[in-house]
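Notes follow once the structure below has been shown.
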Amino acid sequence: MTPFELAEPTSLAEAIALMGEGAGIGDNAARAIAGGTALMLMMKAGVFQPKRLVSLRRVEPRYAEIAATPEGGLRIGALATLTALERSAVVKQAAPVITQTLKTLSNVRVRNVATVGGALAHGDPHMDLPPLLTALGAQVRTVSPKGERTLAVGELYTGYYETALAENELITEVLVPPLAGLRVAYKKITTRAADDWPTLGLTVALQLNGGVVADARLVVSAATNTPTRLAAAEKILRGTTLDTATLARCGDAAVSEVELAGDAHGSSAYKRELLRVYTQRVLREIWGKS
Amino acid sequence: MNITRTINFTLNGEPVTAQIATHQNLVEVLHERGLTGARESCAQGLCGCCTVLVNGAAVSGCLYLAAFADGAEVRTIEHSENGELDAVQAAFIETGAFQCGYCTPGMVLMTRQLLDAHAEPSEDEIKHYLSGNLCRCAAYPEIIKAVKLAAAKRKIERKGAK
């Protein structure tokens, strides 16, 4: 890594000021560092050569809090570690699919230091939380010199490792709405170890009403530049009872509406077949749950 | 640009002061102090050879800025409560749970973390804690045996202590 100045402000406001004017531009711009597990990889590889890192570890501890909302949703501080999220009783109660997803997200050591905000802001399309939180309809709150704003996790990603965040804009918390009967599964399909980077990620969220699909959200990830909703496939499911013919049409629609990139974890053709098969398989699994 | 600083931390029970560069990782600083049990191997946090405990929690030392150890309690494989091998180390030797030994410090530290959280771990719990540690010699069956033996040894120790 190239040398850098390390600032350790004790407030978030100070941290944002340190990332502003005169702190470099582009790949040399000042970067916020929380756990640093993702950022240090980029710096070791020479992708980022920041002149200044702004550590968030001494800012107000409230940004690491995890709490249930009165409505049954969650407020997750951006500086909560992934281990804190994995072990949180309120998370397990409100959204067990998040707890389950963390079990195979990297490994214990990385989860001990990596933070929720970092996992969302990094913009790596292989990550597990962005597609899951997109399907859950979660939002992030951010702060920058321009003030605060709230945006959907689904709107956060604009391209391969690119986000809608300004260089001096930080995620402060994640708001997860109540599941309210939504049945959700995140399937991380790996071709090597269970905690490897996924070949394909598929998140499915189903709202059933009287045995009929009232709403469906399908999000594909890891083989696309950003977590991507499968609108045509979702539309096929609404109003149906997930009979075999519907499932087959849904799998075909999913494959038709999205370009999947091949990589070291599988060719494009292989991933297309995975998407076709897993769309049907995950829907059937969710449907089977009473 | 100020790229050096002085940090103070507790290293294996002893207070230490170190002059570091801000871009040094924890493994590099430990090596400068002659502690070579934690080693940087994959350099990506995947293999576990660089496992170090910071304030009681395992971290990948190769992805942990040394500057963040300021004020912390750091423990490495070199630490011993009483100058003797503990139940986990003894179990690894008895089961021959290594060939070259390069990954062993990380495996031992992660096994201690596992047994601190789950005294009688299931196969799933063992894999949950150790899936992030690679043994390039593939001594995995023996390592799993070692973990189970270590759990049994600790149980006997607990009974003895009562």
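Do any residues in the stretch A:241-254 that are assigned by TED's automatic domain parsing to the domain that holds A:V204 have Cβ atoms under 7 Å from those of residues that are not in a helix (DSSP H, G or I), where the two are at least six apart or on different chains, and which pairs are they?
A:T241/A:G211; A:T241/A:V212; A:L242/A:V213; A:T246/A:T240; A:A254/A:L218; A:A254/A:L230
Using the structure shown, decide if B:T17 is within 10 Å of chain A (Cβ to nearest Cβ), farther than 23 Å from A:S106 by Cα and at pLDDT 95 or above. If you could, list the steps in order and put the result at the bottom.
Values: within 10 Å of chain A (Cβ to nearest Cβ): no; farther than 23 Å from A:S106 by Cα: yes; at pLDDT 95 or above: yes.
For B:T17, the condition - within 10 Å of chain A (Cβ to nearest Cβ), farther than 23 Å from A:S106 by Cα and at pLDDT 95 or above - is not met.
Checking A:A67 against (1) more than 10 Å from chain B (Cβ to nearest Cβ); (2) touching a residue at least 60 places away in the same chain (Cβ under 8 Å): exactly one of these is not met. Which one?
(2)
Just need a number here: residues in the stretch A:204-222 that are assigned to a loop (DSSP other than H, G, I, E, B) and without any contact (Cβ under 8 Å) to a residue 60 or more places away in the chain. Give the derivation first.
The first filter runs over the stretch A:204-222 and keeps only residues assigned to a loop (DSSP other than H, G, I, E, B), leaving A:210-211, A:222.
Those left that are additionally without any contact (Cβ under 8 Å) to a residue 60 or more places away in the chain: A:210-211.
Going through the stretch A:204-222 one residue at a time, the tally reaches 2.
Restricting to the stretch B:20-52, give me the number of residues that are of a type in the set (G, A, S) and either more than 14 Å from chain A (Cβ to nearest Cβ) or under 18 Å from A:F4 (Cα atoms) (or both).
To start, the set of residues in the stretch B:20-52 that are of a type in the set (G, A, S) comprises B:21, B:34, B:37-38, B:41, B:43, B:45, B:48.
Okay, now just the ones that are also either more than 14 Å from chain A (Cβ to nearest Cβ) or under 18 Å from A:F4 (Cα atoms) (or both), so B:21, B:34, B:37.
Total satisfying the criteria: 3.
Which of the following residues is farther than 19 Å from A:L129 by Cβ, in contact with an Asp or Glu (Cβ under 8 Å, 6 or more places away or on another chain), away from chain B (no Cβ under 14 Å) and at pLDDT 95 or above: A:R238, A:R272?
On the way: A:R272 fails: in contact with an Asp or Glu (Cβ under 8 Å, 6 or more places away or on another chain).
Exactly one residue qualifies, and that residue is A:R238.
Within the set of pairs 6+ apart or on separate chains, which have a first residue in the stretch A:145-163 that is within 19 Å of A:A135 (Cα to Cα), a second that is of a type in the set (G, A, S), and C-beta atoms under 6 Å apart?
Going by the 6 Å Cβ cut-off, the qualifying pairs are A:V153/A:A138; A:L156/A:A164; A:T158/A:A164; A:T163/A:G123.
When only residues in the stretch B:58-80 that are hydroxyl-bearing (S, T, Y) and either under 17 Å from B:Q24 (Cβ atoms) or within 11 Å of chain A (Cβ to nearest Cβ) (or both) count, which is surrounded by the most Cβ atoms within 10 Å (Cβ to Cβ)?
Of the stretch B:58-80, the ones hydroxyl-bearing (S, T, Y) are B:60, B:64, B:76, B:80.
So of that shortlist, the ones also either under 17 Å from B:Q24 (Cβ atoms) or within 11 Å of chain A (Cβ to nearest Cβ) (or both) come out as B:60, B:64, B:76.
On the way: B:S60: 33, B:Y64: 27, B:T76: 21.
Per the criteria, the residue is B:S60.
At pLDDT 95 or above, away from chain B (no Cβ under 12 Å) and not in a helix (DSSP H, G or I), is that true of A:A32? First the steps, then the outcome.
Values: at pLDDT 95 or above: yes; away from chain B (no Cβ under 12 Å): yes; not in a helix (DSSP H, G or I): yes.
So A:A32 fits the description; yes.
Return the only residue of A:T191, A:T101 being in a helix (DSSP H, G or I), in contact (Cβ under 8 Å) with a residue 40 or more places away in the chain and among the polar types (S, T, N, Q).
On the way: A:T191 fails: in a helix (DSSP H, G or I).
Criteria check complete, one pass: A:T101.
Considering each residue of the stretch A:142-157, count those that are in a strand (DSSP E or B), surrounded by 18 or more Cβ atoms within 10 Å (Cβ to Cβ) and within 13 Å of the chain's Cα centre (by Cα), and give that number. Please lay out each step first, then the result.
Initially, the stretch A:142-157 is screened for residues in a strand (DSSP E or B), giving A:142-144, A:147-152, A:157.
Those left that are additionally surrounded by 18 or more Cβ atoms within 10 Å (Cβ to Cβ): A:142-143, A:157.
Within this subset, residues satisfying the condition of being within 13 Å of the chain's Cα centre (by Cα) are A:157.
Final tally of qualifying residues: 1.
Any chance the stretch A:158-168 includes a residue that's in a loop (DSSP other than H, G, I, E, B), touching a helix residue (DSSP H, G or I) at 6+ places or on another chain (Cβ under 8 Å) and over 17 Å from A:A138 (Cβ atoms)? Walk me through it before giving the result.
Here is the first cut: in the stretch A:158-168, the residues in a loop (DSSP other than H, G, I, E, B) are A:160-161, A:164-168.
With touching a helix residue (DSSP H, G or I) at 6+ places or on another chain (Cβ under 8 Å) added as a condition, the list becomes A:164-165, A:168.
Those left that are additionally over 17 Å from A:A138 (Cβ atoms): A:168.
Yes, the stretch A:158-168 contains at least one residue that is in a loop (DSSP other than H, G, I, E, B), touching a helix residue (DSSP H, G or I) at 6+ places or on another chain (Cβ under 8 Å) and over 17 Å from A:A138 (Cβ atoms).
The values are calculated or read from the model by the stated rules, or taken from the named source; none is laboratory data. Keep in mind that what you see is a predicted model, and the values were worked out from it rather than measured. Reconstructed Cβ throughout: ideal geometry from the backbone, glycine too, with neighbour counts over all protein chains shown.
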